Amino acid sequence: MLHVALLAAMMSLSAVMTLFMARVAMTGRYGTSSAALGLFFGLTTVSAGCLLATLLWPDTALQQWRAVIGAVSLPALYLHFALGSVPEDRPGPAVLWHLVPMLAVSASVLTGAFWAIDPILLVTYGVYLWALTRLLRHGARHFRGLGPHLGTTLVWLRIVIMVVYASLALEVAIFTELARGGAFEASLPLLLSTALFFGLISYALLGAMGRPSLFEHVYNLLAVNRAAEQSFSDLLNDRRISLATRLIDEDPERPLLDIMYASGFGAKSNFYRQFNRRMGITPAAFRAQGVSGRRVRHQEACLRREGKSFLNHE
């Protein structure tokens, strides 16, 4: 079943992002903001698990508690941005107000007032969408402390807002479909909603594994970034390309594929892209350029030797 496969994959990816953000929260000055984002990914992992259990065992009551998780996930995501403007920002007592949606949904579940859950979640979505949009509108002022990383943070915020809007529309579609007697496990809006969050988490994970465009303002606080003034992946690729150019110069006859592996690259496309980005030419062109240069220098040396021999003969 496609629903099950997507949910299992989403659980795995969001668990990885939870651990990643927990590490960043412990090592960076933006600890509170990073912890809030880690909480969001952690809650996403649990929510996906509850939904997966509901699909596999329809009689389980976990679906109701998934609504409780949803009521605290969006506030956590909002706090990531709200607290990400100042490195040493610490939440005050007012942050406890963000627990109100979760407490309201929990009370509805415990008292059996299930009719109240959807209105509470709808209001929660509306309030936090307004809050996130307001942050975006005043982003240049709110995130001014991020300096050169302002642009990437605003892009991440725009993506999140679009995902939340789409998620709200899909949740309404799921509710409507179920109210008409549709099967939960065969719901197309549910599949689309799962795919949407899978895409969001995948995009975040790719940003974390490669150049951390989504999290530059927290990544730059790690030791390597502070020392090198660039992301770890850029620093690593600089060293790899430097090694590749040295290996090409030392042995022009050595196969480029061998040099690629020796310098630490695992894919030809990435090797050529990184090489061209730093050297302005392809590895093959660099090698040809080096061979041509050595040939010219060799010819010049021969001419100098012949000239000296001719003068001595004279």
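The values are calculated or read from the model by the stated rules, or taken from the named source; none is laboratory data. Keep in mind it's a predicted model, so treat the numbers as computed, not measured. Positions of Cβ are backbone-derived with ideal geometry, glycine not excepted, and every protein chain shown enters the neighbour counts.
Can you pull out every residue in the stretch 183-198 that is surrounded by 15 or more Cβ atoms within 10 Å (Cβ to Cβ) and not in a helix (DSSP H, G or I)? The one that is surrounded by 15 or more Cβ atoms within 10 Å (Cβ to Cβ) and not in a helix (DSSP H, G or I): SER187. Considered as a group, the residues in the stretch 228-255 that are of a type in the set (Asp, Glu) and modelled with pLDDT under 85 include one that is nearest to GLN289 (Cα to Cα), and that residue is ASP238. When residues in the stretch 257-271 are screened for being in a helix (DSSP H, G or I), under 14 Å from LEU243 (Cα atoms) and hydroxyl-bearing (Ser, Thr, Tyr), 1 of them pass. Checking each residue in the stretch 162-173 for being crowded, with 18+ Cβ neighbours inside 10 Å and either outside the structural domain of LEU74 (by TED's automatic domain parsing) or over 11 Å from TYR125 (Cα atoms) (or both) picks out only LEU170. Candidates in the stretch 93-113 are the residues that are over 19 Å from TYR128 (Cβ atoms) and exposed (fewer than 10 other Cβ atoms within 10 Å of the Cβ); of these, the one that is nearest to the chain's Cα centre (by Cα) is PRO93.
So that you can scan it fast, the table gives a plain yes or no per residue for (1) farther than 30 Å from THR152 by Cβ; (2) under 16 Å from the mean Cα position of the chain (by Cα); (3) modelled with pLDDT under 80:
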site	(1), (2), (3)
VAL4	yes, no, no
VAL24	no, yes, yes
THR27	no, no, yes
LEU39	no, yes, no
GLY42	no, yes, no
SER47	no, no, no
ALA61	yes, no, yes
SER85	no, no, yes
ASP89	no, no, yes
